[in-house]
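Below: the structure, in structure tokens.
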Amino acid sequence: MTTYDTAHNPVSHAPSLTAVHAGIRLMLADDHRMLREGLRRSMAEQGFDMVGEARDGAEAVELARVLQPDVILMDVTMPELDGVEATRRVRSALPHVKVVMLTMHADQDVLASAIRAGASGYLVKDCSTEEIAEAVRMTARGDTIISPRLAASMLDEVRRIDRPAAGTPDEERVVTRREEEVLQLIADGCSTPEVAERLYISQKTVKNHLASIYQKLDARDRTQAVLQAVRMGIVHLD
């Protein structure tokens, strides 16, 4: 377990929750030291406030409680506690903390489990520093990011495990034309302000549409809503 001072130097105690810079507080969780060090350097260069790192899932849960980061970059495969279970525990105890998961392979079962655990981002480890940085920024502001390489596998899994309940009237599952437009823009990776700008509506209206969409699609968050909408043929992922 490692935490940092405001210059991103390792220290043996937790830093103050008051950051010197008003940036996004980012924590790392990965059992590979070299990868952690590389991520720490590159994310610090991107302007993130690096608050600490964990060597396994159990440490990630413990450190998250202490440091209260905005976002955690979480490896999927770790000793002691895997990234999916660590994400579930973090999100249960600290629902305001967002998690972006990093994976080497697009394993359908793991991806479906990650969705249910509450992760907000899903990236493969060979993506660029800029892609990771953008995923962290989007996640911190409440958006969802899905690596295009993972989308097909995720949708295959959703089609397999998320069949609509028997007897559910079709009209109860239909969203309005405006809600379809909102969903498509979210699926395209747009943030709430970007959706509002493109549709010439307020951000509050976008949030109201999303609340309605969640209820109609029985979704907990944007990720589930988009995947459900794709499965139903309402929107498409390019």
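The values are calculated or read from the model by the stated rules, or taken from the named source; none is laboratory data. It should be emphasised that the depicted structure is a prediction, and the values quoted were computed from it without experimental measurement. Please note: Cβ atoms are built from the backbone with ideal geometry, for glycine as well, and neighbour counts cover all protein chains shown.
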Could you identify the single residue in L183, L199, L210 that is over 22 Å from G118 (Cβ atoms), modelled with pLDDT of 85 or more and either of a type in the set (S, T, N, Q) or not assigned by TED's automatic domain parsing to the domain that holds R137 (or both)?
L199
Is it true that A119 is at pLDDT below 95, closer than 22 Å to A187 by Cα, touching a Ser or Thr at 6+ places or on another chain (Cβ under 8 Å) and part of a loop (DSSP other than H, G, I, E, B)?
yes
Listed by first then second residue, the pairs whose first member lies in segment 34-49 and is closer than 20 Å to L67 by Cα, whose partner is of a type in the set (D, E), with beta carbons under 6 Å and at least 6 positions apart or on separate chains, are R36/D30; R36/E53
Would you mind finding the one in T103, T144 that is within 20 Å of H32 (Cα to Cα) and not aliphatic (A, V, I, L, M)?
T103
